[in-house]
Structures are given as C-alpha cells and as structure tokens.
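Enquirer: Input: one structure, supplied below.
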Amino acid sequence: MAANEVRRLAVFDPDVHEAAPTTVAARAREAALIAWIRDRGRVAIGFSGGVDSAYLACVAVDAVGPEGTLAIIGRSPSYPAEQWAAARAVADRFGIPVLELDTHEMEDPRYAANPTNRCYFCKSELWSLLVPAAAARGIATVIDGTNADDLGDHRPGAAAAKEQRVSSPLAMLGFTKAEIRALSRDRGIPTWAQPSSPCLSSRLPYGTAVTPTRLAQVERAEAALRTLGVRGDLRVRHHGDLARIELHATELERWLAADCAPLHDAVRGAGFERVALDLRGFRSGSLNVLGGVTAA
Amino acid sequence: MSAQPFRDALGALAVDADVEIRDRLAILRPRGAVDARRIAAERGRITALAAEHGFTHVALELGAVAPEGDATLPRD
C-alpha cells in the first residue's frame, strides 16, 4: 500500500468505519453497471479520486479492461493536492489509465465571483475539456460519479454535465453512497471509508470571490488539522479573517472535552487571524444553508 | 437578527459570551476563560437557541476573550 493511501486511511470517517454489509440489491446494481459499461465498449471517467469516481473507475477496468478505460483528472487550484495523491494511488493500485488536464475555471469571472451556481461554470469548463479529450482518443462515452443520493442536493454542476452529454450511471442505476462504500470495501478500494471531499471552493461563502490565495489558506488549514489527528468529515469555512471549523460530531465532542488550543494554533498557522469552532459540527452543504440556498 | 437577545438567552445558560453576527452566523466570544466542557455540555441547547434567534450557524471563537466591563451578563 502506498504511503499516501495509508494517510487517507488515517482519516477514516468514524460514521462509516463499520460500513453496512453489502446488500443483494447493491450487488445486482453492480452487475448492471458492469453490463452497462460493457455495452459502451470504452468509457472515460471524470476522476477526482473521491469515493464515487474511484469505485466507478475500478468497475470500469473490471468491465472493459484498462484498454477500455480512461480516468481523466481535471487539475486546478480548487482541487486539493491530497485528493490528487489519493486519485493517483487508486489508479496505480488498480491499473487505471489516467490522463491529467489543467482546467481554468479560476480565470472565468463568472466562477470567480462565486455565485450560487458557481459549480455550473466549473463543470462547464471541466467537461468542455474532458469530452473532446475523450473523443480524440476514440471514446464516445464520458461518465461521472454522481450517485442517487446526490440527486436531491443543490447541484448546478449537473446541468453542465447534461449539456455535454455526460452520463451518470451510478445515479441512473440507483446506487446510494452507502452502497458504493460497501461495494468499494468489498473490492479493497481504499477510498471506501474516505470522507467526502468536494472542491476547495465549497469552503467559501457565496459572494466571496474565489482566489488561489483563499483556496490555499483553506487547504493548508485542513491539512494542518489532519496532521493533528482530526478524523472524519472536516471543513474549514473561509469567512475572511475568520476560519470556521466544522468537525464530525464525534470529533467535535472529543476536542471540546479535551483542549481546542491545538486547533486554534494549527489554523492560525495557515494564515487566518481568527478561528472558530462550529457548534453544530459538519454539515454537508453548510454554506448553502448560510446562503439561503437550502433550508437549515 | 440582533445580538443582544441571543446574548441574554446564553446568559440564562450561564454561557458568558459576546455575540458577533455575520449574516446568519453567530460567533461567540467568551468573556473570561472559556470552559470548553461547559460549552460541550450545553452545545445542544446553544445551537437550539441560536436557531430560535434566526441563526443557521453558531460557532465558538477559539483563543479569544472578549473585553470585560459589560455587567449585563451573569458570570459564574
């Protein structure tokens, strides 16, 4: 196991460390997924190295072999270096061919202004590069790791995928996140218990301009907290001079019961003047709630 | 949203802190040394109070002590 895989394993999500057993329904979905991919012959996958796309890429290799699979990583300042390392580790371990492309959403003022549909501009840039890159290699089917649970979220990026005819077989076949984790665990994919890891721009409240400097601050702060031993879901939300830390409930209780000074020092060291600990802890889409995009 | 009613409500829990508002985020700045275990014990009630006062988020500022001198809040 590569060193960076070991690092990922060290941040297991406490909630999913004891994952549910794989169900008959989940196995049936996986069989359907393999058949769906085989019908297409060759597939290119938008590959971040997260739980969903890692599973999808591994199944694709299983279904059509490495010669029929291309995992494409879109790299930009909003893509954490640790996530890139996890993606490469999975690809190396499972023999997944990888293509890396630089994306330039940061140069798009519509993206940088950080509106509530920011993800649309990011995904438009991503797919406008990935789809032609796949086509140039004779691959007509481009897929992503959107799952059935994602469909209820605020996800403006999905519209960009639809415009570019990107398919989401996990969602289409009804895979839940829990099923993907369980099936990943059964396949020995080290991401099975990895916390969700959306792009770094998701740490900035809507309307706060996305800049490489702010994203780097967030990335440094989260990396410093991981180094302290923070496990499970973690977000450092950027509120200008103040960083607001969201921890998984178990970790929040643990740190409050101990001493929060190391959290403060670690995040201050990443370049924030002030540090606060969110008392509700981690919430997926927390800034959607703060921005009034979804209900509290 | 106003800080004072929320501060008063926190005071009733013997949580002695200034409240800074940023949109729907309330930032608690402890007055005097913070007892994190007390905050932990009251966490559910604090977040519920915050919601009652219109805040979607409430956070405890670390390493900060608000200046003393305002005697409107109870201290223990």
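Enquirer: How much length is gained on full extension from A:Asp265 to A:Ala28, taking 0.36 nm per residue of separation minus their Cα-Cα distance?
Expert: Net length gain for the segment: 80.5 nm.
Enquirer: Sticking with this structure for a sec: Measuring from label point to label point, each 7 Å out along Cα→Cβ, what is the A:Lys162 to B:Ser2 span in nm?
Expert: Going by the 7 Å Cα→Cβ label model, 4.5 nm.
Enquirer: Among DSSP beta bridges lying fully in chain A, give the percent that are antiparallel, nearest 5.
Expert: Once the DSSP bridges in chain A are tallied, antiparallel ones form about 25 percent.
Enquirer: Cα centroid distance between segment A:168-207 and segment A:62-121, in Å?
Expert: Computed from Cα coordinates, the inter-centre distance equals 14 Å.
Enquirer: What Kirkwood radius, in Å to one decimal, follows from the Cα pairs of segment A:3-193?
Expert: Computed over Cα pairs of segment A:3-193, the Kirkwood hydrodynamic radius comes out at 16.8 Å.
Enquirer: Another question, if that's okay. Using a Förster radius of 25 Å, what is the FRET efficiency between A:Trp84 and A:Ala178 based on their Cβ-Cβ separation? Nearest 0.05, please. If you can, show how the numbers build up before the last one.
Expert: On the way: r = 26 Å, r/R0 = 1.03.
So the FRET efficiency works out to roughly 0.45.
Enquirer: Translational diffusion coefficient, Stokes-Einstein: compute it for segment A:200-290 using the Kirkwood radius over C-alpha pairs as Rh, at 10 °C and 1.306 mPa s, and state it as an integer in µm² s⁻¹.
Expert: 123
Enquirer: How many Cβ atoms of partner chains, on average, are near each residue of A:258-264 if near means within 10 Å of its Cβ? Could the numbers behind the result be given before it?
Expert: On the way: counts 3, 1, 6, 3, 1, 2, 4.
Mean shielding by partner chains, rounded to a whole number: 3.
Enquirer: How would you rank A:178-184, A:94-100, A:192-198, highest first, on the average number of other Cβ atoms within 10 Å across their residues?
Expert: Descending mean neighbour count gives A:178-184, A:192-198, A:94-100.
Enquirer: Separate question: With just the Cα atoms of segment A:193-238, tell me how far they stretch along each of the three principal axes, in Å, largest first.
Expert: Rounded to whole Å, the extents work out to 31, 18, 12 Å.
Enquirer: Same structure again: If you take each beta carbon of peptide B:13-22 and count the beta carbons of other chains within 10 angstrom, what is the mean?
Expert: Mean partner shielding for this stretch: 1.
Enquirer: Using Cα-only point scatterers and the Debye equation, what is log10 of I(q)/I(0) for the protein assembly as shown at each q in 0.06, 0.08, 0.10, 0.12 Å⁻¹, rounded to two decimals?
Expert: Rounded to two decimals, the profile gives -0.25, -0.44, -0.66, -0.91.
Enquirer: Quick one: which of A:76-88, A:21-33 comes out on top by average Cβ neighbours within 10 Å, and what's the full order, highest first?
Expert: Sorting A:76-88, A:21-33 by mean packing, highest first, produces A:76-88, A:21-33.
Enquirer: Take every residue in peptide B:52-59, count the Cβ atoms of other chains within 10 Å of its Cβ, and give the average of those counts.
Expert: Average per residue, whole number: 6.
Enquirer: While we're looking at this one, here's another question. Give me the compactness ratio for segment B:11-60, meaning the Cα radius of gyration over 2.2 N^0.38 Å. Write down the numbers at each step before the final one.
Expert: Numbers: Rg = 10.2 Å, N = 50, 2.2 N^0.38 = 9.7 Å.
Taking the Cα Rg and dividing by 2.2 N^0.38 Å, one obtains 1.05.
Enquirer: With a Förster radius of 41 Å, plug the Cβ-Cβ distance of A:Arg137 and A:Thr227 into 1/(1 + (r/R0)^6) and report the FRET value to the nearest 0.05. Walk me through the numbers on the way to the answer.
Expert: On the way: r = 39 Å, r/R0 = 0.95.
Using R0 = 41 Å, I get an efficiency of 0.55.
Enquirer: Once phi is turned into ³J(HN,Hα) by the Karplus curve 6.51 cos²θ - 1.76 cosθ + 1.60 with θ = phi - 60°, what whole-Hz value does each residue of segment B:24-31 show in order, with x for glycine and proline?
Expert: My calculation for segment B:24-31 gives 9, 9, 9, 10, 8, 10, x, 9 Hz in order.
Enquirer: Shifting gears a bit: Ranking request for peptides A:212-224, A:115-127: highest mean number of other beta-carbon atoms within 10 Å first, then the rest in descending order.
Expert: A:115-127, A:212-224
Enquirer: Under 12 Å from the Cβ of A:Gln164, count the other residues' Cβ atoms, weight Lys and Arg +1, Asp and Glu -1, and hand me the total.
Expert: Net charge around A:Gln164: 0.
Enquirer: Given R₀ = 25 Å, FRET efficiency for A:Thr213-A:Asp153 by Cβ-Cβ distance, to 0.05? Let's see the in-between values first.
Expert: On the way: r = 28 Å, r/R0 = 1.12.
After rounding, the FRET efficiency stands at 0.35.
Enquirer: Suppose each label sits 7 Å from its Cα in the direction of the beta carbon; what would the B:Arg37-A:Thr116 distance come out to in nanometres?
Expert: 4.4
FYI, it's all coordinate maths here, none of it is from the lab. Predicted model, so just to flag it, every value in this text is computed and none were measured. For neighbour counting, all protein chains shown are included, and Cβ atoms are generated from backbone atoms with ideal geometry for every residue, glycine included.
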